[in-house]
Amino acid sequence: MIRLLALGLLLGGLALRWAAILTLGRLFTVDVAIHFDHVVVQAGLYRLVRHPSYTGLLVAFLGLGVFFANWLSIFGLLLPITLAVLNRVVKEEQALLTSLGSEYAAYCARTKRFIPGVL
């Protein structure tokens, strides 16, 4: 039963991440970069949260931790990944606020970062 839950979290997280990446299309980059014609994407999962790709990544790693069936593995996997994601999110949001200003600020006021209505 634990392995099935782990697989569901892993596959669900990866599906969430890929759906977010496909929604961004050419705006998706591995580096923090703002394009000259950058826009605030508010379609698909981005209607609900600002960083669905990172939510998917964290859910996938949670699934990997659950697969090993102990709290230490969950904590050991999620802590460094979560810290890295939070660092990246701060940098991305600063760049987007600087570049897109009030449009991105309004989007931030309407949407949570990772979990709709929660976080």
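Read-outs: derived from the displayed coordinates by stated rules, not from any lab. Not measured: the values here are computed from a predicted model.
From the helices alone, meaning DSSP H stretches of at least four residues, give me the mean residue ellipticity at 222 nm for the chain, per-run term -39500 (n - 2.57), in deg cm²/dmol to the nearest 500.
The helix-only estimate for the chain comes to -22500 deg cm²/dmol at 222 nm.
So what does log10 I(q)/I(0) come out to for the chain at q = 0.15, 0.24 Å⁻¹, using the Debye formula with one equal point on every Cα and no solvent?
Summing over Cα pairs of the chain leads to -0.70, -1.43.
What is the helix-to-structure angle for 52-67, meaning the angle in degrees between its Cα long axis and the longest Cα principal axis of the chain, kept from 0 to 90 and rounded to the nearest 10?
So the helix axis and the longest Cα principal axis differ by about 10 degrees.
Using alpha carbons only, how many degrees (0 to 90, rounded to 10) separate the axis of helix 2-24 from the longest principal axis of the chain?
10 degrees
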